[in-house]
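To start, the structure itself, in structure tokens.
The values are calculated or read from the model by the stated rules, or taken from the named source; none is laboratory data. All of these numbers come straight from a predicted model, not from anything done at the bench. When we count neighbours, we look across all protein chains shown, and the Cβ atoms used for this are built from the backbone with ideal geometry, even at glycine.
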Amino acid sequence: MSAHDFSFKDIDGELLKLSRFASQPLLIVNTASECAYTPQYAELETLWTRYRTKGLAVVGVPSNDFGAQEPGNAADIKHFCQTNYAVDFPLTQKQRVIGADAHPFYQWVVDEIGEVAAPKWNFHKYLIGPDGSLAGLWPSDVSPLDLAITEAIDGLLSP
């Protein structure tokens, strides 16, 4: 099994298959609109803008699991992200990311690495390699533009 075996409903309700990103690196981040880390939306958009023509994909996964900091519906979330952070990378419908009801992608991450890999808060980042394997993970307090993340992305991009 790999990350490419999973899919989400995008923010507009359309199917977003992760297999669409096969052969390219993918950064998946659980997000929230009312969190101290919410300004990372701007950093994710910068990362997306900087790397998308080189092959990186970014997907935001809104979640209300931590501190009830994503209370809105899909339309609210989309409007907030576009208005405040000019987000144009793909967003999914709001998902559970922890516990028995977590989206299957997040259950897979825990199955692969162990409970230590489960998100502990909003803006936990997972880098998926072009082959669908988990290539890196970073907690909420690590900026999407941190050198550790950008170097890992650079290492996965085709020359």
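Evaluation of residue 72 against the conditions (1) in contact (Cβ under 8 Å) with a residue 12 or more places away in the chain; (2) closer than 21 Å to residue 26 by Cα shows that the sole unmet condition is (2). Scanning the stretch 1-15 for residues that are without any contact (Cβ under 8 Å) to a residue 60 or more places away in the chain and surrounded by 12 or more Cβ atoms within 10 Å (Cβ to Cβ) gives a single hit, 7.
Please state which one of 104, 119, 90, 144 is more than 12 Å from the chain's Cα centre (by Cα), at pLDDT 95 or above and not charged (D, E, K, R).
Details: 119 fails: more than 12 Å from the chain's Cα centre (by Cα); 90 fails: more than 12 Å from the chain's Cα centre (by Cα); 144 fails: more than 12 Å from the chain's Cα centre (by Cα).
Unique residue meeting the criteria: 104.
State yes or no: is residue 18 farther than 21 Å from residue 142 by Cα and either aliphatic (A, V, I, L, M) or without any contact (Cβ under 8 Å) to a residue 24 or more places away in the chain (or both)? Before you say what the answer is, go through the steps one by one.
Working: farther than 21 Å from residue 142 by Cα: yes; either aliphatic (A, V, I, L, M) or without any contact (Cβ under 8 Å) to a residue 24 or more places away in the chain (or both): yes.
It is true that residue 18 is farther than 21 Å from residue 142 by Cα and either aliphatic (A, V, I, L, M) or without any contact (Cβ under 8 Å) to a residue 24 or more places away in the chain (or both).
When the residues of the stretch 60-109 are filtered to those that are polar (S, T, N, Q) and farther than 24 Å from residue 137 by Cβ, the one that is surrounded by the fewest Cβ atoms within 10 Å (Cβ to Cβ) is 83. Selection of the stretch 58-77 for residues being out of contact with any Lys or Arg (no Cβ under 8 Å at 6 or more places or on another chain), assigned to a strand (DSSP E or B) and aliphatic (A, V, I, L, M) yields 59, 61. The one condition from (1) in contact with a Pro (Cβ under 6 Å, 6 or more places away or on another chain); (2) under 16 Å from residue 40 (Cβ atoms) that residue 94 does not meet is (2).
Looking at the stretch 78-117 only, could you name the residues that are assigned to a helix (DSSP H, G or I) and charged (D, E, K, R)?
Step one: of the stretch 78-117, the residues assigned to a helix (DSSP H, G or I) are 78-85, 104-113, 115-117.
Scanning the stretch 78-117 gives 78, 111, 112, 115.
Check every one of the strands (runs of 3 or more DSSP E) wholly within the stretch 1-46 and list those with 1 or more residues that are closer than 26 Å to residue 154 by Cβ, among the hydrophobic types (A, V, I, L, M, F, W, C) and more than 15 Å from the chain's Cα centre (by Cα).
Numbers: elements: 7-9, 15-17, 26-31.
In the stretch 1-46, no matching strands (runs of 3 or more DSSP E) lie anywhere.
For (1) in contact (Cβ under 8 Å) with a residue 60 or more places away in the chain; (2) within 21 Å of residue 64 (Cβ to Cβ), each residue gets a yes or a no:
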{"site": "109", "(1), (2)": "no, yes"}
{"site": "115", "(1), (2)": "no, yes"}
{"site": "119", "(1), (2)": "yes, yes"}
{"site": "123", "(1), (2)": "yes, yes"}
{"site": "139", "(1), (2)": "no, yes"}
{"site": "143", "(1), (2)": "yes, no"}
{"site": "153", "(1), (2)": "yes, no"}
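Taking the stretch 118-147 as the range and being outside any strand (DSSP E or B), small (Gly, Ala, Ser) and in contact with a strand residue (DSSP E or B) (Cβ under 7 Å, 6 or more places away or on another chain) as the test, only 129 passes.
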